[in-house]
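Okay, so here's the structure we're looking at.
The values are calculated or read from the model by the stated rules, or taken from the named source; none is laboratory data. Note that the coordinates shown come from a computational prediction; the quantities given were computed from them, not determined experimentally. Backbone-built Cβ (ideal geometry, glycine too); neighbour counts: all protein chains shown.
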Amino acid sequence: MSQKSKLAMTVVTTGEILLLSLVAVYLLGKVVINANHDLLRYHSIIGELQQTLSTLKDAETGQRGYLLTGRQSYLQPYAAAEVRVPGELGRLQDRAREGELSVRDVTRLSQLVDTKLNELRQTMLVRRSQGFPAAVAAVLTDSGKTAMDSIRIQIAQMIDGQEAAFARAEQRAARFDYYRNVGMELGTFLSFAVLAWAYRRIRDESAKRERAALEVIRQKDLLDVTLASIGDAVIVTDIESRITFMNESAGELTGWTSSQALRQPCARVFNIVNETSRQLVESPVDKALRVGTIVGLNNHTVLIRKDGSEIPIDHCSSPIKEPNGTIRGVVLIFRNSPERKRADDRFRALLESAPDAMVIVAEDGRILQVNAQTERLFGYVRAELLGAPVEKLMPQWLRDQHPRDGNGYFADSSVRAMGSGMELGGVRKDGTEFPIEISRCPLKTEEGNLISSAIRDITERKNAVEKLRQSEERFRLIVEGAKDYVILALDPQGLIVSWNEGAQRIQGYSSEEIIGRHFSCFYPAEDVAAGKPLRELETARREGTCKDEGWRLRKDGSRFFADVVITTLYDATAEIRGFSKVTRDISERKRAEEEVRALTDSALRHATQIEAANQDLEAFSYSVSHDLRAPLRSIDGFSLALMEDYADRLDPTATGFLQRIRAATQRMAQLIDDLLSLARVGRGEMRNDSVDLGEMAKAIITNLEKEDPQRVVDFVVEEGVVGHGDSRLLQLVLENLLGNAWKFTSKKPHARIELKADRQNGKTVYSISDDGAGFDMAYAEKLFGIFQRLHATIDFPGTGVGLAIVQRIIKRHSGEISAVGAEGKGATFSFTLKEYEKKQPDPPGRRQLR
Amino acid sequence: MKKNNLILLVEDNSDDEALTMRALMKNNLSNEIVVARDGVEALDFLFGEGVHAGRDTSVLPALVLLDLKLPKLDGFEVLKRLRADARTSLLPVVILTSSKEQQDMLDGYGLGANSYVRKPVDFQQFVESVRQLGLYWLVINERPASERQTA
């Protein structure tokens, strides 16, 4: 029984007791009051009776006075009594009628009173009419006295009766008063007793409750600590699914802090989806509230954490019930599912590592899972595909073709391997269609029957197959039509299996004659005897190909020189399927090659000779430079010594001869140097520099001016005259040409030398002009010959080698040189160099024209 | 340690020797000249071996005038051995030759020649060249003090 009801009962009980005792007291009180009322009545009645007696005595007193005196005045009391008696008697009669007095007593009293009153009146009448004596006589009869006595007795009796009743009533009243007091005391006592009992009860109850509350708190603490320290995540909600408790593990898994999560709807914090379908899952809390029982472990859910990341979890929830069955809330327990995660990871890794696009489809045709290859192949991102109908990946024609299937090619639940001819189409996000091949297998899972499909883009293969077909066709036509090549196929043993037109033309067999024969029939007998055909097959088998050049036989036995390539043919399993043999009659080429070889040999011999000659020249040059000069130095040195040491013994003629000797040695030395230069020009590597010929020319002219400072020469050079070639050799060219110009203008007081470049016939022509001695064009041919001079040494010194060097250098630059001039009118030397078009700057000539 | 002006002339051609001596004489440099007529003799002199065994090798020439075309050991070989020996590795060597070949110059400098002078055919020019050489190497050029003590 509850505390409250106990308290209520206590109060009610106490009230009842109090009420009962009050009612008893009241009733007893009422009895007592009635009793007292009776006592008063008895008292009144006694009074009234005594009054009546007294009235009658007054009347008698008056009568006697009158009788004695006869005076009227004594009649007064009598008259008053006579008036009062009826009223007093009437009151007594009323009481009798109400049962307060005995009717008989009152009636008797009334008669007695009437009798007395009559006696009184009689006597008085007698007195008045008969006088005193008569009246005395009447009185002496004692009738009056008797009547009066009877009244007295009667009243006394009646008073006695009343007094006895009074005494009785008084006794009764006293008794009820006692009862009343006792009743009140008893009620009070009982009430106190009940209150005391109730107080005790309530006090005990409170203590018990307090103890119980403490125990509850202790239990709750223990529960909290227990829940908090549980390794699994625990969330407790109230009946409205709002979170009232969340332990640390739950916080870690959901990513919510306990304070954030409190009072939040559970579904907000514990946000789960089906890992494959990605559909929202009914909150297990709501479900537990709905069904009222434990909602068991539900696999395949993924918790979406606050930060959006996902964790596969197992969870279970249970309603919190009071003993009477009232549901107070739900406790939800969940944990990371490491095994599942591992399994998932493995599964995912397996899925991702598959070379093909993998699509897992549910029975209803929704896509549950795809891998990265699928994303790549179809151009979707994963989120666009998950949960989408698989038709999304199918072209329209395929959807139309399988309308009854609904799920199309994915749904057929039979196992089908790749390459089993199921060539279908796929459609990318951008709408492009491509041929695919699918293999698939059904998966029985807790989520129902799934279909796992591997999809492969076979565009390339189809293209390749088509190309192969075309190429084979082309190839076949080429092979058959090739007239200059023997193209035939051998089986692994070397038997001929195909034959082309070229083979027939070159070797003379028709295809009927030759197919089925061994290819060694093409080899001369000595080669066959030496095992050459089989050796060549062996080489081809080992190395893939075998190449040979050698003599082969025609059908008529004649020989031709052949170039043969045997190539091993493999099938798809790398087994040798046979050989192809391509033979070409290269007899003609062989002859040509031999001729070429002969020529080459001769050229090589020639080159070797030239090389040897060059080396000789090298040695010769070195000797010349070194050894030929030494005697010259001696001649010059000792000539000078002679002139110096024996000057006093030499006459002027002798000194003049010695001067000539010395001059000759100088010329000889110059000649030697020039010849060496000429020899050197033809040797050595050519460099390819971009050379500013203008700058180079200016430097050369500056040197010439230093040697001959008294000369007046205008040197005009265009800006940006650039050429390509070996800068050292071009330096020699300019030195010689400018040196010549300088030399041949030496007779002029004011000379002019010009360097410029012009475009002529698409080539840059460099020219150096002077206004000096010039030359006779008749000898122009001789100009560049070695040792050729058109002027006397005495006029213009020189060795006649310079222009030969220039020409040789220009020729080495693939250029040409020419000279134009007239005697006394100056000369112009023009040359070209090999053009390097990309490097060529704007033609300077054009610039000049502007 | 006295500063010497000894010149080692390595020259096989007696005409050239005479002319060079004459040129040196004309420039008053002839009082301290040793002539070696081939490469071996030049090395023997420098290292106190062979015909020069027992020579006080602490006295090294202030300048070597080296011809390239020499009997037995040519000028390049002499130069190579000079430079390979700690005693003579810093010795001033001037190649004095008729050759104007690019390759000879490259080889000469490559082996550590200090100068390369081509003998002019004109003797007057030669005398001038020798004068300038003597002036430069014996007077203007400073030699390190330790040079002769490495022996």
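Checking each residue in segment B:28-50 for being among the small types (Gly, Ala, Ser) and under 12 Å from the mean Cα position of the chain (by Cα) picks out B:ALA36, B:GLY39, B:ALA42. Taking B:ASN4, is it over 19 Å from B:GLN132 (Cα atoms) and either within 14 Å of another protein chain (Cβ to nearest Cβ) or in contact with a helix residue (DSSP H, G or I) (Cβ under 9 Å, 6 or more places away or on another chain) (or both)? So B:ASN4 does not fit the description; no. Any chance segment B:86-97 includes a residue that's over 16 Å from the mean Cα position of the chain (by Cα) and either part of a loop (DSSP other than H, G, I, E, B) or within 14 Å of chain A (Cβ to nearest Cβ) (or both)? Among the residues of segment B:86-97, at least one is over 16 Å from the mean Cα position of the chain (by Cα) and either part of a loop (DSSP other than H, G, I, E, B) or within 14 Å of chain A (Cβ to nearest Cβ) (or both), which makes the answer yes. For segment A:466-504, the candidate set comprises residues that are among the β-branched types (Val, Ile, Thr) and assigned to a helix (DSSP H, G or I); within that set, the residue that is surrounded by the most Cβ atoms within 10 Å (Cβ to Cβ) is A:VAL479.
Take the residues in segment A:621-630 that are in contact with a helix residue (DSSP H, G or I) (Cβ under 8 Å, 6 or more places away or on another chain) and not basic (Lys, Arg), then tell me which one is nearest to B:LEU19 (Cα to Cα). Steps first, answer last, please.
Filtering segment A:621-630 for residues in contact with a helix residue (DSSP H, G or I) (Cβ under 8 Å, 6 or more places away or on another chain) gives A:621, A:624-625, A:628-630.
Still in the running and not basic (Lys, Arg): A:621, A:624-625, A:628, A:630.
Numbers: A:SER621: 25, A:VAL624: 20, A:SER625: 19, A:LEU628: 16, A:ALA630: 11 Å.
By that ranking, first place goes to A:ALA630.
Residues that are in contact (Cβ under 8 Å) with a residue 60 or more places away in the chain, closer than 23 Å to A:LEU676 by Cβ and among the hydrophobic types (A, V, I, L, M, F, W, C) were ranked within segment B:98-137; the one that is nearest to the other protein chains (Cβ to nearest Cβ) is B:PHE123.
Of B:LEU9, B:LEU29, all but one fail to be away from every other protein chain (no Cβ under 14 Å), surrounded by 18 or more Cβ atoms within 10 Å (Cβ to Cβ) and closer than 23 Å to B:GLU101 by Cβ; the exception is B:LEU9.
Quick grid of which residues meet (1) more than 12 Å from chain B (Cβ to nearest Cβ); (2) of a type outside the set (Lys, Arg); (3) under 29 Å from A:HIS750 (Cα atoms):
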{"residue": "A:THR653", "(1), (2), (3)": "yes, yes, no"}
{"residue": "A:ASP673", "(1), (2), (3)": "no, yes, no"}
{"residue": "A:ARG687", "(1), (2), (3)": "yes, no, no"}
{"residue": "A:SER690", "(1), (2), (3)": "yes, yes, no"}
{"residue": "A:LEU730", "(1), (2), (3)": "yes, yes, yes"}
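Based on this model, can you work out whether A:GLY739 counts as in a loop (DSSP other than H, G, I, E, B) and surrounded by fewer than 20 Cβ atoms within 10 Å (Cβ to Cβ)? Criteria not met by A:GLY739.
Filtering segment A:621-634 to residues that are without any contact (Cβ under 8 Å) to a residue 40 or more places away in the chain and either away from every other protein chain (no Cβ under 13 Å) or under 15 Å from B:GLN103 (Cβ atoms) (or both) leaves A:TYR622, A:SER623, A:HIS626.
All of A:TYR26, A:TYR74 fail the test of being assigned to a helix (DSSP H, G or I) and either of a type in the set (Asp, Glu) or touching a Gly at 6+ places or on another chain (Cβ under 6 Å) (or both), apart from A:TYR74. For segment A:107-133, the set of residues classified as surrounded by 14 or more Cβ atoms within 10 Å (Cβ to Cβ), without any contact (Cβ under 8 Å) to a residue 40 or more places away in the chain and hydrophobic (A, V, I, L, M, F, W, C) consists of A:VAL126 only.
Scan segment A:427-465 for residues that are out of contact with any strand residue (DSSP E or B) (no Cβ under 7 Å at 6 or more places or on another chain) and part of a strand (DSSP E or B) and jot them down. Once the filter is applied, which keeps residues that are out of contact with any strand residue (DSSP E or B) (no Cβ under 7 Å at 6 or more places or on another chain) and part of a strand (DSSP E or B), segment A:427-465 yields A:LYS444, A:THR445, A:GLY448. One residue stands out in segment A:558-596 among those that are of a type in the set (Phe, Trp, Tyr) and touching a helix residue (DSSP H, G or I) at 6+ places or on another chain (Cβ under 8 Å): the one that is surrounded by the most Cβ atoms within 10 Å (Cβ to Cβ), namely A:PHE579. Against the definition (at pLDDT below 90, buried (at least 18 other Cβ atoms within 10 Å of the Cβ) and within 14 Å of chain A (Cβ to nearest Cβ)), how does B:ASP67 come out, yes or no? The answer is no for B:ASP67. Considered as a group, the residues in segment B:1-26 that are assigned to a loop (DSSP other than H, G, I, E, B) and modelled with pLDDT of 85 or more include one that is nearest to A:LEU640 (Cα to Cα), and that residue is B:ASN13. Confirm whether B:ALA53 is among the hydrophobic types (A, V, I, L, M, F, W, C), more than 15 Å from the chain's Cα centre (by Cα) and within 14 Å of chain A (Cβ to nearest Cβ). So B:ALA53 does not fit the description; no. Of the residues making up segment A:698-736, those that are crowded, with 18+ Cβ neighbours inside 10 Å, part of a loop (DSSP other than H, G, I, E, B) and free of Cβ contacts under 8 Å to residues at least 40 places away in the same chain number 0. Kindly check whether there is at least one residue in segment A:283-295 that is among the small types (Gly, Ala, Ser), free of Cβ contacts under 8 Å to residues at least 40 places away in the same chain and closer than 30 Å to A:ALA388 by Cα. Within segment A:283-295, not a single residue is among the small types (Gly, Ala, Ser), free of Cβ contacts under 8 Å to residues at least 40 places away in the same chain and closer than 30 Å to A:ALA388 by Cα.
Under 8 Å by Cβ, and 6 or more places apart or on different chains, what pairs join a residue from segment A:422-443 that is under 15 Å from A:THR374 (Cα atoms) with one that is assigned to a loop (DSSP other than H, G, I, E, B) and small (Gly, Ala, Ser)? Note: pairs meeting the criteria are A:ARG428/A:GLY379; A:LYS429/A:GLY379; A:ASP430/A:GLY379; A:GLU437/A:GLY419; A:SER439/A:ALA417; A:SER439/A:GLY419; A:SER439/A:SER420. In this structure, A:LYS782 does satisfy being in contact with a Leu (Cβ under 9 Å, 6 or more places away or on another chain) and either surrounded by fewer than 20 Cβ atoms within 10 Å (Cβ to Cβ) or outside the structural domain of A:ARG812 (by TED's automatic domain parsing) (or both).
If you go through segment A:739-785 and pick out every residue that is over 15 Å from A:GLY800 (Cα atoms) and in contact (Cβ under 8 Å) with a residue 24 or more places away in the chain, you end up with 31. Residue pairs whose Cβ atoms lie under 8 Å apart, sitting 6 or more positions apart in sequence or on different chains, and linking a residue in segment B:14-26 that is at the interface with chain A (Cβ under 7 Å from one of its Cβ atoms) to a partner that is β-branched (Val, Ile, Thr) and in a helix (DSSP H, G or I), are B:ARG22/B:VAL127.
Of all residues in segment A:307-365 being among the small types (Gly, Ala, Ser) and in a strand (DSSP E or B), which is farthest from the chain's Cα centre (by Cα)?
A:GLY329
Taking every residue in segment A:454-479 that is closer than 24 Å to A:ALA354 by Cα and pairing it with any residue that is surrounded by 14 or more Cβ atoms within 10 Å (Cβ to Cβ) and of a type in the set (Ser, Thr, Tyr), at least 6 positions away or on another chain, the pairs with Cβ-Cβ distances below 9 Å are A:ALA454/A:SER439; A:ILE455/A:THR374; A:ILE455/A:SER439; A:ARG456/A:SER439.
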